[in-house]
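The values are calculated or read from the model by the stated rules, or taken from the named source; none is laboratory data. Computed from a predicted model, the values in this text were never measured in an experiment. Cβ placement follows ideal geometry from the backbone for every residue including glycine, while neighbour counts extend to all protein chains displayed.
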Amino acid sequence: MKKVFALLLTAAMLLTLLAGCGSEGGQPGDDPAPGEEDGADPADPDEPKAPADSQNDGNSQDEAPPKYKIGVILYSKEDSLGARMYSLLNDAAEALGIELVFALGDMDTPSQLTSAENLISAGCQGIWLLPLAETSSQKISALCEDNGVYLGICLRTFTDPDINEQVRGNPYFVGNILGDDYGNAKELTRILIEDFSCRELAACYAAEGSSLAYRNEGVRDAITEYGATQLAEATGIDANVSAVPGYIQNFVNTNPTLQGIVLVSGTLGMGETASNTLLTMDAEGVKYACFDAFDGMVDCFNDGYLQVVCGGQAPACLYVLSMIYNAIDGHPLTESGLELRMTYLFVKSAEEAEDFLNYVENDQVSLYTDEEIKNMTVRFNPDFSWDGLQQVMKDYTFENIISKVKG
């Protein structure tokens, strides 16, 4: 009997020992769940998980950013401005890892509205727009608001108070950026007056009520403030390129003391036409200044008539894209759609014109590095803000850009 009892006791001890070993080593599939190691409490199974593309306040740089989809409604990529914005936007898309869907060639409100509808149907989360009429802004804003799609507007403002109120009241409107037409025109005229001693002036103005009309005010105020005299003017240069030779011939022939001419637009060949007209007339002593850089401006500077050009507005497209991206990513830079005005670049010699065309306007040259583009977003730069965007715009000067891209 004692032997039996001893055997039973030994068996019990072995079973206890084996049970202890099993609990220490664990069974297959009994590894601790993530978050439970080192005594961590397991996650609450009822707590919702954050989506993979969740909003953030500066995610890990090792984490792939969401591939947001943004539609771009741009009038063209064939002229110098359109081509430059097209290249800059594509560079930024690559840096940010987003998809841009372009709608090109829309020249009126109905076609721009149709493109916006198509882009939204294609799943775009934001619309980048360069409207060709204020009604485009109004209708596309309403469309975006109805569909919960963010809207940013490039190089345009709203002169109609009703449209201004409607667009800025849209909670999905992130803001608009355009040139400081008044300030740029005033500075352009000041340079012609003070730096090039032209005090007897004529001016080719935009049609009153057009999107360029603020430039008219800047020119007029500069003439008054800097002690110059306006001898003559013509209106409607923005709508009638073919009239430019006649305007200039009349200025020169009827004003023998004329020293300078200001053109508030130089696009579509107007800048070169002004130079060629003065060259043909052998208008010695007459100089001119104009907006909008153009391909032939190096020759025009060398001919001696062109003295200063104001241009370089293309990077505005990046600043608008930054506002849209940040809003989609959950970090709107402002709670209401505000407006920023941009100071353009001033080119004052043939040498500067060559640098401008070779670097600032060259589609193959990136004005901002990938890192600089990323730093315009809260995702990659948690300290970025509305003030930060304004500082980026202030730092956009001819000297800064050329020194950076030329190395």
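Every residue in the stretch 382-407 that is part of a loop (DSSP other than H, G, I, E, B) and either among the aromatic types (F, W, Y) or in contact with a Gly (Cβ under 7 Å, 6 or more places away or on another chain) (or both), please. The answer is P382, F384, Y396. Taking the listed residues L258, L268, L279, the one that is surrounded by fewer than 20 Cβ atoms within 10 Å (Cβ to Cβ), out of contact with any Pro (no Cβ under 7 Å at 6 or more places or on another chain) and part of a loop (DSSP other than H, G, I, E, B) is L268, with no other qualifying.
Conditions tested, residue by residue: (1) closer than 25 Å to N90 by Cβ; (2) modelled with pLDDT of 95 or more.
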| residue | (1), (2) |
| --- | --- |
| G330 | yes, yes |
| S336 | no, no |
| A353 | no, yes |
| D363 | yes, no |
| P382 | no, yes |
| V392 | yes, yes |
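For A103, indicate whether it is free of Cβ contacts under 8 Å to residues at least 40 places away in the same chain, not in a helix (DSSP H, G or I) and not assigned by TED's automatic domain parsing to the domain that holds E335. Answer is no for this residue. Based on what the data block shows, is G82 modelled with pLDDT under 90, assigned by TED's automatic domain parsing to the domain that holds Y319 and not polar (S, T, N, Q)? Yes: the conditions hold for G82.
Residues of the stretch 85-103 that are surrounded by fewer than 16 Cβ atoms within 10 Å (Cβ to Cβ) and either acidic (D, E) or at pLDDT below 95 (or both): E94, E99. Of all residues in the stretch 353-366, none that is outside the structural domain of G304 (by TED's automatic domain parsing) and free of Cβ contacts under 8 Å to residues at least 40 places away in the same chain has its Cβ atom under 6 Å from the Cβ atom of a residue that is part of a helix (DSSP H, G or I) and crowded, with 18+ Cβ neighbours inside 10 Å, 6 or more apart or on another chain.
In the condition set (1) at positive phi; (2) surrounded by fewer than 24 Cβ atoms within 10 Å (Cβ to Cβ), G312 is compliant with all but (2).
Flag set for N170, criterion: assigned to a loop (DSSP other than H, G, I, E, B) and either within 17 Å of L333 (Cα to Cα) or without any contact (Cβ under 8 Å) to a residue 60 or more places away in the chain (or both). Note on the stretch 221-269: residues that are touching a residue at least 12 places away in the same chain (Cβ under 8 Å), over 22 Å from S210 (Cα atoms) and hydroxyl-bearing (S, T, Y) amount to 4. Of the residues making up the stretch 327-347, just one is under 30 Å from D299 (Cα atoms) and surrounded by fewer than 18 Cβ atoms within 10 Å (Cβ to Cβ), namely T343. Any residue that is in contact (Cβ under 8 Å) with a residue 12 or more places away in the chain, over 30 Å from T369 (Cβ atoms) and not charged (D, E, K, R) - is there at least one of those in the stretch 82-92? Looking for residues that are in contact (Cβ under 8 Å) with a residue 12 or more places away in the chain, over 30 Å from T369 (Cβ atoms) and not charged (D, E, K, R), one finds none in the stretch 82-92, hence no. Scanning the stretch 289-307 for residues that are surrounded by 24 or more Cβ atoms within 10 Å (Cβ to Cβ), of a type in the set (A, V, I, L, M) and over 28 Å from P131 (Cα atoms) gives a single hit, L306. Comparison of T189, T159 shows that the only residue that is of a type in the set (S, T, N, Q) and in a helix (DSSP H, G or I) is T189.
Count of the stretch 156-202 residues, restricted to those that are of a type in the set (S, T, Y) and more than 22 Å from A234 (Cβ to Cβ), is 4.
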